[in-house]
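The values are calculated or read from the model by the stated rules, or taken from the named source; none is laboratory data. If you're wondering where the values come from, they're calculated on a predicted model, not measured in any experiment. Don't worry about glycine lacking a Cβ; one is built from the backbone with ideal geometry, like all the others, and counts go over all protein chains shown. Ligands, DNA and RNA are excluded from the accessible area calculation, which covers all protein heavy atoms including side chains. Shrake-Rupley method; radii C 1.70, N 1.55, O 1.52, S 1.80 Å.
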Amino acid sequence: MVTCSAPTNTVHQTLSKWQNITVLLKQQKLTISALCPYSSQLKTTTTVACSRSFQEDRIWLNGKEEDITQPRLQSCLREIRRLARKRRSDGEADVDTAGLSHKVHICSVNNFPTAAGLASSAAGYACLVYTLSRVMGVEGELSEVSRQGSGSACRSMYGGFVQWIMGQQGDGKDSLAQQVEPETHWPELRVLVLVVSAERKPVGSTSGMQTSVETSSLLKHRADSVVPARMKEMIEAVHKRDFTAFAELTMKDSNQFHATCLDTYPPIFYLNDVSRRVINLVHRYNRHYRETKVAYTFDAGPNAVIYTLQQNVEEFVQVVKHLFPPETNGGQFLKGLPVAPTTLSEELKQAIGMEPMVKGISYIISTKAGPGPRVVEDPSEHLLGSDGLPKESA
């Protein structure tokens, strides 16, 4: 039995979100990359057990048993087993040959909203593939395997800032993730996730991507005319730790992604009124200081991911609390890394000039770039019991 955790790539920097399906894009002759920093507080934890006593493969997600025959799940399971058999046939001594014929039980839990535009599928499939690889003795490049479950999952196989290289081969074998910088590269960079809604999004990412590829001319324009230059600019901004360039590219790309959603037919609406208020807030906050101190990005959902530097975190969190007062004064409104309270100046309040909206934001997750998948060594953290079934806490 092995337990691992993997980060979510909540922040899809540059090159937008719809370009996560390699097959669709290769059919459209698009060449896309993506860059993401990974969160240390938002993660998936997965336990995999393998036993001769198991009658069939089974999987539980967030306490509920799911359909193990789902095609993307089967693709990952099939490929990991193929790689394990290949290692055995190559005569590698550390492969557990007996376990290759056994069924597996999988239990996975997200500590953040699932299917709500926070890349839960990316973290989930990355963690699944990494944990299966540890159980079956598979080593080497795994991002191509994880991409068979979720395109974004290839980026969750590494920590820090990660680029997804689309590749040129027709079978997608060279469509891999590559770390641009480790999680230690930019220690001052902070991430605030403003959870507007934990509900499942009405249009799933996969079906949305399919429709956009088929109907949006703006998507092709982005790939041909916007993405290549923007990608170079974003990588340079990360290398140089240039927050102004990083932030402005992030916001422009988020805006264009959602313009692509509107250009899709029928149009797709992921942002809501609270999302648009957050966008307005960020621009007013930056205008007050006459510099770009905060940036937003939105994936396929209404939840905002905010970037800023450490010295701005306390004030901006207080601004969010002021404009989106929590229902209660409990500590659950702010999760993750601690943020000390502070006092806002009247000048700043007047400059923002927005009326408070109670219950607009459910809670804030304070985090930063984190590492890639890792094995959880403490056996008490296993999500499955000795009988191969989920523990009550899972």
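The table that follows gives values for the structure above.
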read-out: Under Karplus coefficients 6.51, -1.76 and 1.60, residue-wise ³J(HN,Hα) of segment 241-258 in Hz, glycine/proline x; value: 6, 8, 5, 4, 5, 4, 5, 5, 5, 4, 5, 4, 6, 4, 4, 6, 4, 6
read-out: Distant-in-sequence amide H partners of Leu334 (H built 1.01 Å from N, under 5 Å); value: Ile364
read-out: Per-residue HN-Hα couplings for segment 293-310 [Karplus 6.51, -1.76, 1.60; θ = phi - 60°; Hz; x = Gly/Pro]; value: 9, 9, 9, 10, 8, 10, 8, 7, x, x, 6, 8, 10, 10, 10, 7, 9, 3
read-out: Global form of segment 244-378, assessed from the alpha-carbon gyration tensor, a/c cut-off 1.5; value: rounded
read-out: Accessible surface of segment 277-394, 1.4 Å probe, proportion on carbon and sulfur as whole %; value: 46 percent
read-out: Amide H within-cut-off set for Glu181, under 5 Å, with H built and near neighbours excluded; value: Phe161
read-out: Accessible area in square angstrom per residue, segment 280-394, 1.4 angstrom probe; value: 51 Å²
read-out: Rounded, prolate or oblate (a/c below 1.5 giving rounded, otherwise prolate when a/b exceeds b/c) for segment 282-349 by Cα gyration tensor; value: oblate
read-out: Cross-link pairs Lys43/Lys293; Lys252/Lys359; Lys64/Lys391; Lys240/Lys293; Lys293/Lys359 - those with Cα-Cα distance over 18 Å; value: Lys43/Lys293; Lys252/Lys359; Lys293/Lys359
read-out: Calculated from backbone phi, Karplus (6.51, -1.76, 1.60) coupling profile of segment 282-290 in Hz, x at Gly/Pro; value: 4, 5, 5, 5, 5, 5, 4, 8, 6
read-out: Value of D in µm² per second that Stokes-Einstein yields for segment 178-302, Kirkwood Rh from Cα pairs, at 37 °C (0.692 mPa s); value: 204 µm²/s
read-out: Peptides ranked, highest mean first, by Cβ atoms within 10 Å: ranges 251-263, 339-351; value: 251-263, 339-351
read-out: Amide H contacts under 5 Å for Gly370, placed H, 5+ residues apart; value: Tyr38, Ser39, Ser40, Gly160
